[in-house]
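Reviewing the structure listed below.
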Amino acid sequence: MLRVGIIGLPNVGKSTLFNTLTGKCVPAENYPFCTVEPHSAIVPVPDELLEKIARATKNPKLMPAMIEFWDIAGLVKGAHSGTGLGNKFLSHIRNVDLILHVVRAFKDPDVAHVTGSINPVADIVTVQQELVMADIDLVDKHRIAAKSRARNTNDKAAPALYVLLERIWHAMRTEKKMARDVQMSAEETESIRDYQLLTLKPTLYVVNVDRQADLEQYSIAHALGNRPWLPLSIRNEAELAQIQDLAERRELREAIDVETSIADVITSCYERLGLVTFYTFGTGVTRAWPVREGTTALEAAGQIHTDFLDTFVKGRRFELATLKSHSESEAVSRGQFQTLGRDYVVKNGDILWFVTTPKK
Ligand SMILES: Nc1nc2c(ncn2[C@@H]2O[C@H](COP(=O)(O)OP(=O)(O)OP(=O)(O)O)[C@@H](O)[C@H]2O)c(=O)[nH]1
Ligand SMILES: [Mg+2]
């Protein structure tokens, strides 16, 4: 299951976003620290291709990719050392795959701001610094352990790991750098992936505005530069989600001058995770399978059933157009498929069928 943790200062709209994303109701009141325990809920990823495959192959039950969203308490300055409730929460998001950082850029004098004034750019820095501080402690622990292993054991990887951790630790302490901004090779990044550093995780910023003009006023685009972000009118989206009547919904949608929607947030989270999706169909079910880039046909089959790792014979890849006019067995007998060996690298949008031997 893919996991996304929603973070930000208190009272910026995290729980309202979570509720709207998930259709779940957790308290979203106008006072800071309304959320104490993290809440989680599972949300399907909107997927048009999945629906098309289901229609073409007449396997109507959809199993889309799922994302588990975690709503946590607001972070404040000093959260890493125990101020507010944030530090307790930081531990809850250590194992998420993506961080969704909500930033307040709506004015509304009726909604209190922890520092008293709206300053999204400063708020982003405050939250980032808390994440950096929380990571420093962790890097330090691993740094000391690597140093000891380098001295006292035959662990060949330990000296290089120690040098790397020393470099990251230094950059975090002296320059307040996030781990992802420290220059590292792909192998170095991989060597510390298991540490679950918060500032190494992919991040998507959601800038909560009441209207598009809020973005310009606070120079958001400039401040976030090339970091991925989306504007969203969370309160309006929450209102929209309550409306059943389609015509009324359309009217409100048009009245909201921020174009990105809740569905865009889910899709962007999925995209930020850098996954590819392959599809399977059969016995009434059409299913999307999110896998890491570079996954082979054998590994993909193993996702479906671990037994397939032993019984894998080959894969078959079908075009959607073929499945629209022919059943799977017709397509096979007409030779309208591509045969895949175990080392084939799965591509986004592949519609696959695995041939396996019965297990002895
Ligand atoms: N004007 C306006 N108010 C909003 C918007 N989003 C949220 N709010 C209001 O802000 C208040 C706080 O929202 P929450 O969703 O509870 O905020 P939170 O970030 O979860 O807060 P904590 O859990 O305390 O950290 C509520 O009164 C919301 O209705 C928005 O886009 N515009
Ligand atoms: Mg909350």
| said: Projecting each Cα onto the charge dipole of the chain (Lys/Arg +1, Asp/Glu -1 at the beta carbon, about the Cα centre), which of L200, V4, Y218 comes out farthest on the positive side? | reply: L200
| field | For segment 39-79: rounded, prolate or oblate by the Cα gyration tensor [a/c cutoff 1.5] | value | prolate
| field | Protection-proxy order for peptides 111-118, 183-190, each taking the mean of Cβ atoms within 10 Å per residue, highest first | value | 111-118, 183-190
| said: Highest mean first, how do 125-137, 276-288 rank when packing is the count of other Cβ atoms within 10 Å averaged over residues? | reply: 125-137, 276-288
| request: Might you report the magnitude of the Cβ-based charge dipole of the chain about its Cα centre, with Lys and Arg at +1 and Asp and Glu at -1, to the nearest 20 debye? | output: 1300 debye
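For segment 148-192, what class follows from the C-alpha gyration tensor (a ≥ b ≥ c being the square roots of its eigenvalues): rounded when a/c is under 1.5, otherwise prolate if a/b is larger than b/c, else oblate? Kindly include the intermediate steps, with their values, before the conclusion.
Details: a/c = 3.96, a/b = 1.69, b/c = 2.34.
Taking the square roots of the gyration eigenvalues as a ≥ b ≥ c, segment 148-192 is oblate.
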| task | For the chain, build the charge dipole from Cβ charges (+1 Lys, Arg; -1 Asp, Glu) around the Cα centre, then report which of Q128, I72, T153 sits farthest towards its positive end. | result | T153
| said: Under the rule of at least 5 residues apart or a separate chain, name every residue whose amide H is placed under 5 Å from the amide H of L2. | reply: M66, E68
| query | Across segment 318-332, in residue order, what do the Karplus-derived ³J(HN,Hα) couplings come to in whole Hz, using 6.51 cos²θ - 1.76 cosθ + 1.60 with θ = phi - 60° and x for Gly and Pro? | reply | 10, 8, 4, 4, 5, 6, 6, 10, 9, 6, 4, 5, 4, 4, 5
| request: Would you give the gap between the C-alpha center of segment 314-360 and the C-alpha center of segment 241-285, rounded to a whole Å? | output: 29 Å
| message | For the ranges 200-211, 257-268, what's the packing order if you count other beta-carbon atoms within 10 Å of each residue, average per peptide, and put the highest first? | response | 200-211, 257-268
| Value of [θ]222 nm, deg cm²/dmol, for the chain, DSSP H segments ≥ 4, -39500 (n - 2.57) each, nearest 500 | -11500 deg cm²/dmol
| note | Here the membrane-span-like helices of the chain, with no claim about any membrane, defined by DSSP H, Cα axial extent at least 18 Å and mean Kyte-Doolittle at least 0.5, are none
| note | Per its Cα gyration tensor (rounded if a/c is under 1.5, else prolate when a/b beats b/c, else oblate), the chain is best filed as oblate
| message | With a 10 Å cut-off between alpha carbons and a GNM built on the chain, which of R334, R180, R193 moves the most? | response | R334
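Computed from the coordinates by the stated procedures, all read-outs in this text should not be read as laboratory data. Note that the structure is predicted; figures quoted are calculated from it, not measured. Cβ sites come from the backbone with ideal geometry, for glycine too, and all protein chains shown count toward neighbours.
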